[in-house]
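Have a look at the structure below before the remarks.
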Amino acid sequence: MTTCIASRHPCLESRDLEPPPTHPAPSIPLWEGLEMEGWADLHRAAPPLLAAGEGIHPPHWVGGALAAVYRSADVLALNRVIGLGTRQAPRGEHLDGLLALYRRAGVGRFFVQVAPAGRHEELVRRLRRRGFRQHNRWAKLVRGGGGVPRVETDLRIERLPASKAALFGELFAPEVGWPPAAARWLAHTVGRADWRHYAAFDGDRVAAAAALFLSGSGAWLSFAATHPSYRRRGAQAALLAHRIRDASLAGASTLVVETGEDHPERPCVSFRNCLRAGFRVAYMRPNWLWCDDGAPPLSRSADSASS
């Protein structure tokens, strides 16, 4: 059976893709803010016992930026600072406070993600002076609502109810190198207000999964992964189309997503899927890494972004 995802809704059939703003600078706080809001709510969803055992901190805000802390996971995607300098001018005391936070938590390395907003050059100088170094870059991609892409796949796409929450975390976490406890943590966002979770099924088997976080007129697409045996079956293209459709129907006019950087020698499939789905690159976001001298080498999946 082939599943075709298009608009299937009269309000979307005649609605073209809404263009994102031409000049990105005024929109950067919004684009970064959607990611921060979603990530903060993920931390709020952590059950107290799990959070205490794993060292998952509540959302921590410094200078208008979100600091995500997961003590027991050596994964940079789980230990990072989002949005520094996008809402407030960056100050040295902000960075000193962040360094103190991660050191107290016992985290050996984390990165600060620098969007090209405001005085980001000054922020980079302050990072260098404190021993941070540029590690890699993630792409921030944006699109408007509407213009739902037409996608065909032989997999069945479903929105997951809370009763199937475990399926989401069990698929996502191991595919991106997150610890088993993180699978249980992610499962607690399924059925939570403002979140929607989807899976691609082959019969009863989960082939791929992805999430959507809604906030006002914005939407953040996140936590996408595919089981290796189901790659190149159109699962993520279909999951993107479903999330774009549902976000548009919910009134979202700004959709954002992050992926790894696409290199000729290291292609990023998520990046290319997003371009085909009507996203455009807003900017590349450098990740400035701080490492404790005693920290072990970085794992391969420690810095992955998942759309």
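We did not get these values from a lab; they are worked out from the coordinates using the rules stated. It should be emphasised that the depicted structure is a prediction, and the values quoted were computed from it without experimental measurement. We place every Cβ from the backbone using ideal geometry, glycine too, and count neighbours over all the protein chains shown.
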Out of Glu54, Glu121, Glu152, a Gaussian network model of the chain with alpha-carbon springs under 10 Å gives the largest mean-square fluctuation to Glu121
Once Lys and Arg are counted +1 and Asp and Glu -1 for all other residues with Cβ under 14 Å from that of Ala193, the total becomes 0
The whole-number value in µm²/s of the Stokes-Einstein translational diffusion coefficient for the chain, with Rh from the Kirkwood sum over alpha carbon pairs at 20 °C and 1.002 mPa s, is 109 µm²/s
Expected max-MSF residue from Ala210, Ala45, Ala238 in the GNM of the chain (alpha carbon, under 10 Å) is Ala45
Counting only DSSP loop positions in segment 208-295, the GluC sites (Glu not before Pro) whose Cβ has at most 12 other Cβ atoms within 10 Å are Glu265
Cα-based Debye curve of segment 143-282 sampled at q = 0.09 Å⁻¹ gives log₁₀ I(q)/I(0) of -0.24
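Just check segment 155-206 against the gyration tensor rule for me: Cα atoms, a ≥ b ≥ c as the square roots of the eigenvalues, rounded for a/c under 1.5, and otherwise prolate or oblate depending on whether a/b exceeds b/c.
Since a/c reaches 1.5 but b/c is at least a/b, the shape of segment 155-206 is classed as oblate.
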